[in-house]
Amino acid sequence: MNRLKLHHLFSLLFVFTFSLFAGTTGKIVGVVQDASTGEPLPGVNILIEGTSMGAATDVDGSYLIMGVPPGTYTLRATMIGYNDVVVSNVRVNVDKTTRIDFKLRQTVLELGETVEVVAERPIVKKDVTSTESNISSDVIANLPVENFSDVVNLQAGVVEGHFRGGRLGEVAYMIDGIPVNDVYSGSFGIEVENSAVEELNVISGTFNAEYGQAMSGVVNIVTKDGTDKFQGSGTLYLGDYVSSHDNIFWNINHLNPVRNLQFSLSGPVPLFRKLKFFLNGRIYRTDGYIYGKEVFVPTDHSDFSKEKPEDWVIMSHGKTYPFTEARAESLIQHAPAVPMNARDRYTGNLKLTYHLTSVDKINSQTLYQYETWQEYDHRFRLNPQGNYKRYQNSINQAIIWNHVFSPRTFMDLRYSYFYTRYKQYVYEDPFDPHYAPSQRLQDAGANAFLSGGQQMWHFQRSTTTHLIKADLTSQVTNMHQVKMGVETRKHRLWLHEFEVVPELPERVPPLSQYNNNEYLHYPLEFSAYLQDKMEFPYMVVNAGVRFDYFDPDGKVPTDFLRPTTSPKKKADPSYQISPRFGIAYPISEKGVIHVSYGHFFQIPNFFYLYTNPEFEVYPLQSTPSPPPQSLLNTVGNASLKPQKTVIYEIGLQQQIGQEYGLNITAYFKDIRNLLGTQVLYTLEGFRYARYINRDYGYVRGITLDFEKRYSHGVSASIDYTFQIAKGNASDPNSAYLDQQTDPPKETVKQLVPLNWDRRHQVNATITLGIPGKYAVTIVGRFGTGFPYTPTFQYVQTAVENSGRKPNVYNVDIYAYKDFTLWSLDFSLFFRVFNLFDRLNEREVFTDTGRAGYTLAPLYVGGLRPRGINTLEEYFIRPDFYYEPRQIQLGLQLEF
């Protein structure tokens, strides 16, 4: 059989066997040459060992293997008359090209010896046209992190969830190429545990046309597939907070347990040879680090209305006492401690892979999450039962059909169903007898902990999204890889919120009132894209264009002087076209310059489209029990236009020696049509606000990333970000909030630092050890302080955000030791977060710029607040600080 026939036969074989995931796979290319003559060798078989993927070289000696899932592989090149060559440690990344060239030597024997080569991970990736990071599962496993979001926050340019100065909610989160954002809030809708992640792809620069509904970045999580053989793992760890700051964090000296149990199992399904599975689950429970004291319950009714403290009356758990300072101190001291930021989370993931035919493969994945938690409210520190409890359950089900047309062309058809339900209340039953009138929230005075009452609202919402997505990928020539696709998403958003009014017989106000709101909307999204990855010998070009269409399925008033009774009209659909372009140009064998540019649009979070659906305005303008998720007297706007960001980026990748690499990137973002508020008045003169596209800003910055790849037992990296993020407002509600101050404040008409404007940030990681035996990883972080607006006696004294909070720094550590016992593989590990127990300040008092003290006692002349606490006790704010030191100890079993 001649070489040409061998080439065709081998190509056909792999058309029928390799697996493909658009947007979640990479490709391997290369050239095979005769080691003696340098001539190209056609008909050489290239096989990825342990899989059925491979290719045969063409007449030019070139080969191409498309649709390779991210991971580390071993390649084998075979040809009659030549020695086999095996290249191990070949790393494939999402949407990237891995190049492996072979040189084969002739042998006079029928069975020649095998030449083995270990590939080195390239420090410079020559097809990267914008800033992105690919973090593999083995790297994640060696980091002191709990969730994938912790890994994301370690990337250059990411500041506590803000990508390169953008607002929260501007990032597209994807699981295996399927968007999983909750469109109501913009946040990721479901958690993927680190043990289920094969690769985490974080794009913080410009991104290709296939990605939409994002202005700042993309996080694509590629999950693990089932394996050919049964294997699994189980992990158990316990933790606790160990801190000396017991004056701030009550009960920190006692046991505040963190409990974690998780497992993974994968392999073939018995009796179904072609069906493989991956199963993962986790139970995570923590009492948190902020505790309150249960001095009061919601039904208590203390009396602090008298002028003299000796005339005050304290009610604690239904018993009354005359007020004395000794009695107040005793009640606080002996009250039981209650966690106030506890969190329980249960997650599960089942992924099935089935080869339907020789050219068709189906993947099915189900992710489930149930979570319950509390968010600390300082007013309720002595009445913790009165604070909201929060519950959320989410499910994401996806089916992916992969069809192979040829070795160079494949199609992916995806369908996904996403559902999340969120609930927030104190008592589930509005008729619960423990509900006290809202007046109990006013028994205590300013700067005093609440002595009774509870949050009064019931809030429930759900988001359902049906997605259909089709992508076609074709390597048209050796230089052009073309992708095109369409996507449609149909949403169902339901919300019902109401205030419990115990004085009413029915407890729930009618829908015609401001404190009872309900809506149901079915917005529709459609998009299409076309992009071409051109891989020339001298440069790589990514060019594409995207079209987006959005129908909000909402109505808006025609007369804003009477928004409630005005006739309503249907909101118009919107659409936009987004061009994207990037170039990577090699300047040497070890250096590449890239330049990229793009337009990025995003519909505002759907919360802002539909809030206050009856457009009701409450005449009194304030209430002791405001809505839990929105500002009183703000109304949504279904006619909001997409927000827009234009990004420019230039960068350099440079390898230094054999082990070091430097990446320098400069970027600029021009941000327009951001969400803001327009302050309006009714005919009766009542003030309210409507969301409109009015805010703007810009971001410019530089990132430097220096890394040492693993050698001699050491790997390390350090990145530095300098960034300036300015805009006219950090909060979409700023203009309305300014009008609610006394006296009203003029809205900012200049660019000021945004609330998350961190000028300097450094992340450093070092790992010491031998993989598979032992290792220690240390992660250090430093960041300059966020801005704040200075005040004195609650009056602004300087330009908005002209002050700076203190700098923050933190050190985390992770260490493990592997050992074998009873023929089983174990790993003993420990993690320490905030190793030095530093009091990093999250928030500050705006009259001092510090979290530890305020001048407020001077304003009131030392008067005792009308409540059980002193001023000093009230101004101790545990929520103004990041977490104290936490220590975890655990054991992992693998089989």
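The values are calculated or read from the model by the stated rules, or taken from the named source; none is laboratory data. It should be emphasised that the depicted structure is a prediction, and the values quoted were computed from it without experimental measurement. For neighbour counting, all protein chains shown are included, and Cβ atoms are generated from backbone atoms with ideal geometry for every residue, glycine included. SASA here: full protein model, heavy atoms, side chains in, ligands and nucleic acids out. Shrake-Rupley method; radii C 1.70, N 1.55, O 1.52, S 1.80 Å.
Miscellaneous remarks
- You will find that of L530, L524, the residue that is of a type in the set (A, V, I, L, M), touching a strand residue (DSSP E or B) at 6+ places or on another chain (Cβ under 6 Å) and farther than 17 Å from K483 by Cα is L524 and no other.
The rows are residues; the columns are (1) in contact (Cβ under 8 Å) with a residue 60 or more places away in the chain; (2) aromatic (F, W, Y).
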residue	(1), (2)
E518	yes, no
S588	no, no
H599	no, no
I603	yes, no
F606	yes, yes
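Here's the yes/no breakdown for (1) in contact with a Lys or Arg (Cβ under 7 Å, 6 or more places away or on another chain); (2) closer than 26 Å to L737 by Cα:
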position: A798; (1), (2): no, yes
position: N807; (1), (2): no, no
position: Y814; (1), (2): yes, no
position: K817; (1), (2): no, no
position: F826; (1), (2): no, no
position: F829; (1), (2): no, no
position: D837; (1), (2): yes, no
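- Flag for K229 being open to solvent by 70 Å² or more (accessible area, probe 1.4 Å) and basic (K, R): yes
Residue by residue, here is whether (1) within 30 Å of V128 (Cα to Cα); (2) surrounded by 16 or more Cβ atoms within 10 Å (Cβ to Cβ); (3) of a type outside the set (K, R) holds:
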position	(1), (2), (3)
V541	yes, yes, yes
V556	no, yes, yes
D559	no, no, yes
D572	no, no, yes
R580	yes, yes, no
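- Residue check for T129: in contact (Cβ under 8 Å) with a residue 40 or more places away in the chain, surrounded by 18 or more Cβ atoms within 10 Å (Cβ to Cβ) and assigned to a strand (DSSP E or B): no
- Residue that is least open to solvent (accessible area, probe 1.4 Å), among those in the range 879-895 that are more than 23 Å from R758 (Cβ to Cβ) and out of contact with any Asp or Glu (no Cβ under 9 Å at 6 or more places or on another chain): G890
- Annotation: of all residues in the range 831-864 being modelled with pLDDT of 95 or more and aromatic (F, W, Y), the one that is surrounded by the most Cβ atoms within 10 Å (Cβ to Cβ) is F833.
- Residue match in the range 73-86 (condition: modelled with pLDDT under 85 and open to solvent by 40 Å² or more (accessible area, probe 1.4 Å)): no
- Within the range 620-636, the set of residues being on the phi > 0 side of the Ramachandran plot and open to solvent by less than 40 Å² (accessible area, probe 1.4 Å) comprises N633 only.
- Some residue of the range 825-847 being more than 29 Å from Y809 (Cβ to Cβ) and in contact with a helix residue (DSSP H, G or I) (Cβ under 9 Å, 6 or more places away or on another chain): no
- Of all residues in the range 719-733 being open to solvent by less than 60 Å² (accessible area, probe 1.4 Å) and assigned to a strand (DSSP E or B), the one that is farthest from A798 (Cα to Cα): D719
- Considering residues of the range 734-782 that are over 30 Å from N693 (Cβ atoms) and aromatic (F, W, Y) only, the residue most open to solvent (accessible area, probe 1.4 Å): Y774
- Cβ separations smaller than 7 Å between residues 6+ apart or across chains give the following pairs from the range 881-895 residues that are of a type in the set (G, A, S) to residues that are open to solvent by less than 70 Å² (accessible area, probe 1.4 Å): G890/T235; G890/Y237; G890/F829.
- Checking each residue in the range 377-428 for being in contact with a Lys or Arg (Cβ under 6 Å, 6 or more places away or on another chain) and open to solvent by less than 20 Å² (accessible area, probe 1.4 Å) picks out L382, I400, N402, R414, Y422, Q424.
- Residue list for the range 489-501, filter: under 22 Å from L609 (Cβ atoms) and in contact (Cβ under 8 Å) with a residue 40 or more places away in the chain: R489, H491, L493, L495, E497, F498
- Out of E659, E589, E649, one residue alone is among the acidic types (D, E) and open to solvent by 50 Å² or more (accessible area, probe 1.4 Å). It is E589.
- Matching residues, the range 96-121, being open to solvent by less than 70 Å² (accessible area, probe 1.4 Å), at pLDDT 85 or above and in a loop (DSSP other than H, G, I, E, B): K96, I100
Residues are listed down the side, and each one gets a yes or a no for (1) out of contact with any Pro (no Cβ under 9 Å at 6 or more places or on another chain); (2) open to solvent by 50 Å² or more (accessible area, probe 1.4 Å); (3) touching a residue at least 12 places away in the same chain (Cβ under 8 Å); (4) not polar (S, T, N, Q):
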site: S438; (1), (2), (3), (4): no, no, yes, no
site: G452; (1), (2), (3), (4): no, no, yes, yes
site: T464; (1), (2), (3), (4): yes, no, yes, no
site: E487; (1), (2), (3), (4): no, no, yes, yes
site: E503; (1), (2), (3), (4): no, yes, yes, yes
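- The range 42-54, subset open to solvent by 10 Å² or more (accessible area, probe 1.4 Å) and modelled with pLDDT of 90 or more, residue nearest to V359 (Cα to Cα): L47
- Meeting the requirement of 1 or more residues that are within 32 Å of the chain's Cα centre (by Cα) and at positive phi, no strands (runs of 3 or more DSSP E) wholly within the range 316-409 can be named.
- Condition check for F431: of a type in the set (A, V, I, L, M, F, W, C), crowded, with 22+ Cβ neighbours inside 10 Å and part of a loop (DSSP other than H, G, I, E, B): no
- Within the range 526-539, the residues that satisfy the criterion of being part of a strand (DSSP E or B) and either farther than 21 Å from F606 by Cβ or open to solvent by less than 20 Å² (accessible area, probe 1.4 Å) (or both) are S527, A528, Y529, L530, Q531, D532, K533, M534, E535.
- Boolean, G544 is in contact (Cβ under 8 Å) with a residue 24 or more places away in the chain and more than 29 Å from A689 (Cα to Cα): yes
- Test: residue in the range 142-163 that is buried (at least 19 other Cβ atoms within 10 Å of the Cβ), over 30 Å from S364 (Cα atoms) and small (G, A, S): yes
- Pick from the range 865-876, criterion open to solvent by 50 Å² or more (accessible area, probe 1.4 Å) and in a loop (DSSP other than H, G, I, E, B), ranking: farthest from L441 (Cα to Cα): I876
- Residue among V699, V679 that alone is open to solvent by less than 40 Å² (accessible area, probe 1.4 Å) and part of a strand (DSSP E or B): V699
- Of all positions in the range 358-370, at least one carries a residue that is surrounded by fewer than 19 Cβ atoms within 10 Å (Cβ to Cβ), within 26 Å of D879 (Cβ to Cβ) and at pLDDT 95 or above.
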